[in-house]
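Below is one structure, written out as structure tokens; the observations come after it.
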Amino acid sequence: MASLIATLSLLKIVQSVQITGWVYADNWFELYFNGEKVGTDTISYIPHNAMYINFTAPDSGLYSFAFWAQDYANDSTGLEQRMDGTGITWTGDWCMGDGGILMHLSDGTVTSSDWKCTVVMEGPLETACQDECIDLDVMSPSQCTVQYNEYPSCWNETICSSEDSWLSATEYTIDDVGMGRTPDSSSFDYPNVCSGLDATSTEEIYQNEGCDPRDKDWGDAVPIWTSDLDLDNRIICRYSYNVVYGSTPAPDTTETTTEDNASNQLATFMTLVMVFIGMFI
């Protein structure tokens, strides 16, 4: 019996915590946690919305995050359509855009230079295309080109050794990135524009709090991107760390399904009892 008690005392029952938080991307993102997609931006361009994230994580072990983020740049020119003040009508201009990712989660994960990033698409490559907006009297957007770079298939998996060769993310300020056109009920289908495609239902949160990134508490998070905020249009960024059992991953994480955890512990206990009895048969 003493050996059984010792075994039980060393037994680690895996439990779950709920991680929540907000993400802002200029202009669009997908977020993966331990190889599973946990958030997708609903808006590719305008308005500029904060996205609520809500997912389940183990209470210990490796926490691995991966972003696919992109500016609203044309696939072949690297330029974006300039919209008027309403955010609805195209002015007819083709212009440079910029990127940016900002995230603060309840497990303490924030965007910072601790992340590693690589460039997927960059451009326009031509100097004449790199002004604020191209002069349509002089050239056509079709004269502007981009470059696509290879990236590893493991980019969104829990482990991806390729990131070892990636560069640290560059930190920016809110003013560098900007927060664009605010989603509001007068111009957009609000709060539907705020609802994450892959997040847990968040309708009540959006109705009560809205999804204006200016209104969110970003804590210690800072906007990140690669070293070129303007020309690097599509990027991948990764970050990971280990959570030790018994530590608190975050101040506001909560254990899920107490009944399930109790059931799992009972099942594990009964299995060990059977093993112990079998030693004497």
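The values are calculated or read from the model by the stated rules, or taken from the named source; none is laboratory data. Fair warning: this is a prediction, and the values are worked out from it, not measured in the lab. We place every Cβ from the backbone using ideal geometry, glycine too, and count neighbours over all the protein chains shown. The protein model used for the area step is the full one, side chains on, heavy atoms only, and it has no ligands, DNA or RNA in it. Shrake-Rupley method; radii C 1.70, N 1.55, O 1.52, S 1.80 Å.
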Of the conditions (1) among the acidic types (D, E); (2) within 11 Å of the chain's Cα centre (by Cα); (3) open to solvent by 10 Å² or more (accessible area, probe 1.4 Å), D93 clears all except one; give me its number. (2)
Would you confirm whether any residue within the stretch 220-228 is under 23 Å from M51 (Cα atoms), crowded, with 20+ Cβ neighbours inside 10 Å and at pLDDT below 95? no
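Can you find even one residue in the stretch 54-71 that is out of contact with any strand residue (DSSP E or B) (no Cβ under 8 Å at 6 or more places or on another chain) and closer than 24 Å to G180 by Cβ? Don't jump to the end; show me each part of the working.
The initial filter retains those residues of the stretch 54-71 that are out of contact with any strand residue (DSSP E or B) (no Cβ under 8 Å at 6 or more places or on another chain), namely none.
No, the stretch 54-71 contains no residue that is out of contact with any strand residue (DSSP E or B) (no Cβ under 8 Å at 6 or more places or on another chain) and closer than 24 Å to G180 by Cβ.
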Considering the stretch 103-139 alone, what residues qualify as being assigned to a loop (DSSP other than H, G, I, E, B), out of contact with any Phe, Trp or Tyr (no Cβ under 9 Å at 6 or more places or on another chain) and either surrounded by fewer than 16 Cβ atoms within 10 Å (Cβ to Cβ) or among the polar types (S, T, N, Q) (or both)? S106, S113, L125, E126, Q130, D131, E132, D135, D137, V138, M139
Would the stretch 28-37 turn up any residue that is modelled with pLDDT under 95, among the aliphatic types (A, V, I, L, M) and in contact with a strand residue (DSSP E or B) (Cβ under 8 Å, 6 or more places away or on another chain)? no
Per-region count, the stretch 59-90, residues open to solvent by less than 40 Å² (accessible area, probe 1.4 Å), part of a strand (DSSP E or B) and not hydrophobic (A, V, I, L, M, F, W, C): 4
